[in-house]
Structure formats: structure tokens, C-alpha cells
Amino acid sequence: MTWSPAGVPVSRRFEDPYFSLADGLEETRHVFLTGNDLPERFTPGFRIAELGFGTGLNLLAAAAAWWTSGQTGPLYFTSFEAFPLSRAEAAAALSAFRTLDGPTSELLSVWDDLGKRPVSLSGGIFLEVILGDARHTVPAWTGMADAWFLDGFAPARNPELWEPGLITAVARHTSAGGSAATYTAAGHVRRTLAEAGFDVERVPGYGRKRHMTKARLR
């Protein structure tokens, strides 16, 4: 991991930032929460799945929305990650988001367990990070999701996470009426989602991104 001049973490492998150069937390809220109609759709036992755990920022944003929505039941969050960051890298990346200091500290305290076992966090949140190539781990997963955060790096840099076979597996592991959202509005991504069974909509993106994609399983 390297750092942009603005202090945003950048993947060496994919030469792409882990989150928006403008405001990563607001980007997450706009793309993945609003894009999946959250927190309005939250119900006890809601299930979120994600391609690319990265810094854990999406989890922290979802957890904050869950807590403030007044939910009392469990929230299940499953993330598929091929190239996990170290605890030190995650701590450095998340240090910019001071409003999340408490949840960040809790996440970092269990960071070394991620990928080894599911962990529980405050407020009834259950997190499982599944390590490995998502093209193999998602089809083998036995779970289902009510909402997907499709957060791979840019399709041009990380095409593996946008392959038709993987997106079809995502659809197969989506509950009836479930949703997906991603920051990218690339035409081939939208076509792949549609071919997998989603109704796809291009909507305004965050910051300099003119458009993003939201989808709902037919």
C-alpha cells in the first residue's frame, strides 16, 4: 500500500485508491448505503455481503447506520477479500475518519482474527471475512445476502471481480428482491448485472464520479 499526495491509501497491486480522494466515508454512504436503500431496508437479521473488504471502511459505515437506525436484532456482514491489509495498514488508512474512532478501535482489536473465524462486534453485528479469490469463494459460499457492496477496484485495473461468472454467483447468493450497488457505471458491468438477473439503474455518483450503478434482483 502507498499513499496519494492527499493522504489516501492506494493499492500497489492495482494502482487504485481504496476510497475516494474527496471523502471516503461520504462516498461509502452515498454509493453502498444509499445505493442499497439503507438504512431504510434494515430489518433484524439483515445480511450484507461485499466484494473486497479493503480497509473495513464499508463495514464501519454500515455498522454506524445500523446502530443509529435503532435496530435491535443482528446484522450479518460477509466480505470476500483476496489481498488483506495488515492491521497497521488498516489503522493508518482509517485514522482519517475520527468520527469512527470507537468502532475502528474495536475492529482493529479483532483484525488479526479476520479470515480465521467470524467475529462479533458491538450492537449485534457479526462479521465474517472469507479469504481467497472471490471467483471461487463466492460460488462455494452457503450464505445469502439482502444487499451487496460491489467494491472491487476499477474494472480496468481489477477485471477479475467483474467477470460474468462471478456476478452470476453474486445473483445466485442474493435473496429475492435483494440489491447491489457499485461506484462504477462501466457499460459492461451494467450489462453483466442485467444478464445475471438484476434490474440495473445508472444514478448520480459521488464527487467527481458522474454516475454509479444500483441494481435490484428481479
Would you check if there is a residue in segment 192-213 being at pLDDT below 95 and open to solvent by less than 50 Å² (accessible area, probe 1.4 Å)? yes
Take the residues in segment 167-188 that are crowded, with 21+ Cβ neighbours inside 10 Å and out of contact with any Gly (no Cβ under 9 Å at 6 or more places or on another chain); name whichever of them is farthest from Trp148 (Cα to Cα). Ile167
Take the residues in segment 206-218 that are touching an Asp or Glu at 6+ places or on another chain (Cβ under 9 Å) and of a type outside the set (Phe, Trp, Tyr); name whichever of them is farthest from Ala186 (Cα to Cα). Arg218
Unmet requirement for Ala61, which otherwise passes all of (1) in contact (Cβ under 8 Å) with a residue 40 or more places away in the chain; (2) open to solvent by less than 20 Å² (accessible area, probe 1.4 Å); (3) assigned to a helix (DSSP H, G or I); (4) within 19 Å of Pro17 (Cβ to Cβ): (1)
Checked segment 14-31 for anything among the aliphatic types (A, V, I, L, M) and either within 25 Å of Thr142 (Cα to Cα) or open to solvent by 40 Å² or more (accessible area, probe 1.4 Å) (or both); matches are Leu21, Ala22
Scan of segment 130-166 for residues that are among the β-branched types (Val, Ile, Thr) and surrounded by fewer than 13 Cβ atoms within 10 Å (Cβ to Cβ), ordered by number: Thr142
Looking at Leu114, is it closer than 19 Å to Pro9 by Cβ and in contact with a strand residue (DSSP E or B) (Cβ under 6 Å, 6 or more places away or on another chain)? yes
Which condition from (1) of a type in the set (S, T, N, Q); (2) open to solvent by 50 Å² or more (accessible area, probe 1.4 Å); (3) under 14 Å from the mean Cα position of the chain (by Cα); (4) modelled with pLDDT under 95 is the one that Thr34 breaks? (4)
Which of the residues belonging to segment 64-83 are open to solvent by 70 Å² or more (accessible area, probe 1.4 Å) and at pLDDT 95 or above? Tyr76
Failed item, numbered, when His173 is tested on (1) over 26 Å from Glu26 (Cβ atoms); (2) at pLDDT below 95: (2)
Restricting to segment 37-53, and then to whatever is among the aromatic types (Phe, Trp, Tyr) and in contact (Cβ under 8 Å) with a residue 60 or more places away in the chain, can you tell me which residue is surrounded by the fewest Cβ atoms within 10 Å (Cβ to Cβ)? Phe46
Quick check, is Thr168 over 27 Å from Met212 (Cα atoms), without any contact (Cβ under 8 Å) to a residue 40 or more places away in the chain and out of contact with any strand residue (DSSP E or B) (no Cβ under 8 Å at 6 or more places or on another chain)? no
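The values are calculated or read from the model by the stated rules, or taken from the named source; none is laboratory data. No experiment lies behind these values; they were computed from the predicted model shown. Positions of Cβ are backbone-derived with ideal geometry, glycine not excepted, and every protein chain shown enters the neighbour counts. When the accessible area is computed, the model is the full protein with side chains, heavy atoms only, and any ligands, DNA or RNA have been set aside. Shrake-Rupley method; radii C 1.70, N 1.55, O 1.52, S 1.80 Å.
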